[in-house]
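Everything on this sheet refers to the single structure shown next.
The values are calculated or read from the model by the stated rules, or taken from the named source; none is laboratory data. What you see is a predicted model; the values in this text were computed from it and never measured. Glycine gets a Cβ as well: all are built from the backbone with ideal geometry, and neighbour counts include every protein chain shown. SASA here: full protein model, heavy atoms, side chains in, ligands and nucleic acids out. Shrake-Rupley method; radii C 1.70, N 1.55, O 1.52, S 1.80 Å.
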Amino acid sequence: ESNKDFIHKMSIANKEAKESKHFSRMVSKACPEHTQECRKLWKEAHELNLICMTIIRKAKETEEKKTL
């Protein structure tokens with residue numbers, strides 16, 4: 001795969017992590033009895049979001065170096 005393909009796929013994974021955070025918040029508000037579990041899931045999704053963003057940033061830096 002090219003670096004551009006990798007960045008695209010990681011961007012999709014990042015989007016999915018963001019959506020997971022959103023839906024865990026929605027479930028928590030709709031079903032307060034599941035709030036504790038939703039917090040754990042939100043935290044995991046947040047960590048994945050941060051990891052994906054770091055990977056994307058580094059891959060973009062690598063891509064920019066190739067074009068110079």
Checklist line | 14 Å Cα-Cα reach of LYS60 towards aspartates and glutamates, excluding residues that sit fewer than 8 places from it in its own chain | finding: ASP5
Check: So which lysines pass the test for LYS65, namely a Cα distance under 28 Å, with those fewer than 8 places away in the same chain ruled out?
Finding: LYS4, LYS9, LYS15
Notebook entry, point to check: In the chain, carbon and sulfur make up what percent of the accessible area (probe 1.4 Å)?
Noted result: 59
Check: For the chain, what is the relative contact order in percent, using Cα pairs closer than 8 Å and at least 6 residues apart in sequence?
Finding: 42
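Calculate, for the chain, the solvent-accessible area per residue in square angstrom, rolling a 1.4 angstrom probe over the heavy atoms of the protein chains.
Here the residues of the chain average 80 Å² of exposed surface.
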Next item on the list: Sum -39500 (n - 2.57) across every DSSP H segment of at least 4 residues in the chain, then divide by the residue count to get the 222 nm mean residue ellipticity, nearest 500.
Entry: -32500 deg cm²/dmol
Check: If R0 is 35 Å, what FRET efficiency do you get for GLU37 and LYS9 from their C-beta distance, rounded to 0.05?
Finding: 0.75
Notebook entry, point to check: Here are several values of mean projected area of the Cα convex hull in nm²: [x] 4.3; [y] 4.5; [z] 5.3. Which one was derived from the coordinates shown?
Noted result: [y]
Checklist line | Among ILE51, PHE6, THR67 - extreme Cα towards positive end, dipole of the chain, charges at beta-carbon | finding: THR67
